Amino acid sequence: MSKVERKTRETDIKAELEIYGKSVAEIDTGIGFFDHMLTALAVHGGFDLKLSCNGDLSVDGHHTVEDCGIVLGKALAEQLGDKSGIVRFASAYIPMDEALSFCAVDISGRPFLVFDAEFSDDKTGAFDNCLTEEFFRAFAYNAGITLHIKNVYGKNDHHKLESIFKAVAYALKNAVKRNESGEVVSTKGTL
């Protein structure tokens, strides 16, 4: 279990993450749809996640969403340690009704994000759809992972977003599975 706290003038966040959990999520960011997406990430990733954020939502959701990505990325990095004993690579296609999204992950120590998704509306509930990319960038860079995310198609933004978060969840779930050797999967012998 990793515990990460981060307090700035814009947000106050407390998170606990167990990547080999029982899909238990307790999320309160003040943005209902974002809570729903983080819950999907935990449940479909097989993680236990407790996260609370008191952010400056009177400004907008940007600081809350981005800073939650920072904290979750740091928590994942802490859980992975030297990255020995995990599969490392994984990918997933996940449908949500008419929408289909793809994620490929490399738990490499080399942070990178490729994000390819367009949304029809500015918001889903109180969540600014454009913040999806900001969240995953902060998450990937602080976790030290490479993430490729693509919404292949879809019409309903809620469905597109949910398929994205679930695709990331399933890719991460498979990438952190234990490998047979218990060693770091790298030609270098280290990540």
(request) Assess whether residue 49 counts as being more than 17 Å from residue 131 (Cα to Cα) and touching a strand residue (DSSP E or B) at 6+ places or on another chain (Cβ under 8 Å). (result) yes
Checked against (1) touching a His at 6+ places or on another chain (Cβ under 9 Å); (2) assigned to a strand (DSSP E or B); (3) aromatic (Phe, Trp, Tyr); (4) in contact (Cβ under 8 Å) with a residue 40 or more places away in the chain, residue 93 satisfies every condition except (1)
Of those in segment 63-72 that are touching a helix residue (DSSP H, G or I) at 6+ places or on another chain (Cβ under 9 Å) and either over 25 Å from residue 152 (Cα atoms) or free of Cβ contacts under 8 Å to residues at least 60 places away in the same chain (or both), the residue surrounded by the most Cβ atoms within 10 Å (Cβ to Cβ) is 68
Taking the conditions exactly as written (at pLDDT 95 or above and either buried (at least 21 other Cβ atoms within 10 Å of the Cβ) or part of a helix (DSSP H, G or I) (or both)), does residue 50 satisfy them or not? no
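Residues checked against (1) farther than 19 Å from residue 53 by Cβ; (2) of a type in the set (A, V, I, L, M, F, W, C); (3) buried (at least 22 other Cβ atoms within 10 Å of the Cβ):
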site: 132; (1), (2), (3): no, no, yes
site: 137; (1), (2), (3): no, no, no
site: 149; (1), (2), (3): yes, yes, yes
site: 163; (1), (2), (3): yes, no, yes
site: 173; (1), (2), (3): yes, no, no
- Query: Would segment 143-153 turn up any residue that is over 24 Å from residue 32 (Cα atoms) and in a loop (DSSP other than H, G, I, E, B)?
  - Reply: yes
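The values are calculated or read from the model by the stated rules, or taken from the named source; none is laboratory data. A quick note: this is a predicted structure, and the numbers were derived from the prediction, not measured. Here the Cβ is made from the backbone with ideal geometry for all residues, glycine too, and neighbour counts use every protein chain on show.
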